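To start, the structure itself, in structure tokens.
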Amino acid sequence: MKFEFRFPDIGEGLDEGVIMKWMVEEGDMVKEGDSLAEVETDKVTTEIPSPRTGRVGELKFKEGDTITVGQVFVTIETEAEAGLAPTEPEPEPQAIEEEETAGVVGEVVASSEVIPPSTEEVISTERPAMRRKVLATPVARKMAKDLGIDINTLVGTGPNGRVMKEDILRAKEQEAAKVEEVKAPSAEAKAPVQPALSTPSPIATHGLEERVPLTRIRKTISERMSQSRFTIPHTTAMDEIDVTKLDEFRRKYKDLLLEEEVKLTYLPFIVKAAIVALKRIPEFNSSLDETSEEIVLKYFYNIGIATDTDRGLLVPVIKDADKLSIVELARAIEEVSTRAKEGKTELHELREGTFSITNYGSIGGHFGIPIINYPESAVLGLGRVVEKPIVRDGEIVIAKILPVSLSYDHRIIDGASGARFINILKDLLSNPDILLLRA
């Protein structure tokens, strides 16, 4: 029996991916759960496991091809078990409902039913006769709302009629074109075009130019940063924290923990201090639900650690970070950062963050204006710890100084709260004994 494995919906609104590498060849025997291919989506590179045991039939795509959810990915020749009744014909896609039964990617169960292939780039001129609920991701709905487009009037070109971002942008362009057509003067009324005095010639590059195609992850980073920056009114507070005592405390135990293969940096202490601040001022651990006009306060603490990788910026999340000790946090930070740099981050590791920390000081930065990881409400940026003279108890001393930048959503967080948050960090990080007592 030939089983047609369709590219599964791995969630998070990801409709397609690029096949980076086939891990099997036609004719290979595979077991259920064996990896078939490595696929790059908008967020991660992940391995797609086989939902069946059998012999690989036909690989439907080549490495480098883009595949859409619902398209036949690969065929697998399986043998029917003895004594089973003949397999009933597969129902038409329009007559069945999705059921989540087969094809596990990470922790997401993908539909095993037939999903119609994408018809992106095919422009439909039909319009519904009445309003109906359309399929669309929250991001697409937000884009339509921001652009003033009624998403329920659109005919989606994505899988199962899902409205894609391209559909919304196309509708906006058509709307703008109609407005311009109304405004445009007649041909007789147009002023004659004056010839240009001179036409600038293109600048010769002499081959000293290179065009690098955007990767899917880089496109996603670009979209998410734009979405955050143009959706959330950012405000950033900056300050410097004396971490001299914290540095002494860290150095005291750093070598001891190295024997346990734990790298003790400043970051786990900063995460602990941030969690104390989040508990005291919960608006920083929240998101804004614009549809219901509610602030969603979150009483769980999933801390995203921004990580610079060869493929772009990733923000893997440490779940329930408030329940971890300093040593456990150090291990967790090292693990998620290493996995991200090695390209091993799975989709579930990027989900459900409530607050993020970015350490641009690791490459020598001092102050910066970090962009909030939408839909979170705040992000903490860390500069490089440096020695500098300060006045302490009326005397000039050399201290270890940590620059911090706190960006937050000014729609739901006031400037005074930003100052209070940083003051909490200063109190805790300048005295590690108090930090350990409070945390």
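Here is a check on your reading of the model: is I372 over 18 Å from the mean Cα position of the chain (by Cα), aliphatic (A, V, I, L, M), surrounded by 20 or more Cβ atoms within 10 Å (Cβ to Cβ) and assigned to a loop (DSSP other than H, G, I, E, B)?
Values: over 18 Å from the mean Cα position of the chain (by Cα): no; aliphatic (A, V, I, L, M): yes; surrounded by 20 or more Cβ atoms within 10 Å (Cβ to Cβ): yes; assigned to a loop (DSSP other than H, G, I, E, B): yes.
When the stated conditions are applied, I372 does not pass them.
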Residue count, segment 394-424, condition in a helix (DSSP H, G or I), within 15 Å of N285 (Cα to Cα) and either at pLDDT below 95 or in contact with a strand residue (DSSP E or B) (Cβ under 7 Å, 6 or more places away or on another chain) (or both), comes to 3
All-but-one check, S226 against (1) surrounded by fewer than 16 Cβ atoms within 10 Å (Cβ to Cβ); (2) of a type in the set (S, T, N, Q); (3) more than 23 Å from V139 (Cβ to Cβ), failing number (3)
Only one of these is among the aliphatic types (A, V, I, L, M), in the same structural domain as P282 (by TED's automatic domain parsing) and touching a residue at least 24 places away in the same chain (Cβ under 8 Å): I434, I371, I396. Name it. I371
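What number of residues within segment 289-305 satisfy the criterion of being of a type in the set (A, V, I, L, M, F, W, C) and surrounded by fewer than 21 Cβ atoms within 10 Å (Cβ to Cβ)? Spell out the reasoning first.
Here is the first cut: in segment 289-305, the ones of a type in the set (A, V, I, L, M, F, W, C) are 295-297, 300, 303, 305.
Imposing the further condition that a residue be surrounded by fewer than 21 Cβ atoms within 10 Å (Cβ to Cβ) reduces the set to 295-297, 300.
Looking only at that region, the number is 4.
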In segment 226-244, which residues are hydrophobic (A, V, I, L, M, F, W, C), under 26 Å from the mean Cα position of the chain (by Cα) and at pLDDT 75 or above? I232, A237, M238
Only one residue in T41, T101, T87 is of a type in the set (S, T, Y) and modelled with pLDDT of 55 or more, so which one is that? T41
Identify all residues within segment 293-346 that are without any contact (Cβ under 8 Å) to a residue 12 or more places away in the chain and among the aliphatic types (A, V, I, L, M); write none if there are none. V296, L324
Residues in segment 31-64 that are farther than 30 Å from A306 by Cα and touching a Leu at 6+ places or on another chain (Cβ under 7 Å) total 1
If you check every pair at least six apart or on different chains, which have Cβ atoms under 8 Å apart with a residue in segment 379-393 that is farther than 16 Å from I369 by Cβ and not assigned by TED's automatic domain parsing to the domain that holds D242 first and a residue that is among the β-branched types (V, I, T) and assigned to a loop (DSSP other than H, G, I, E, B) second? none
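The values are calculated or read from the model by the stated rules, or taken from the named source; none is laboratory data. Nothing here was measured: the structure is a model prediction, and the numbers come from that model. Counting neighbours? That spans all protein chains shown, and the Cβs are built from the backbone with ideal geometry, glycine included.
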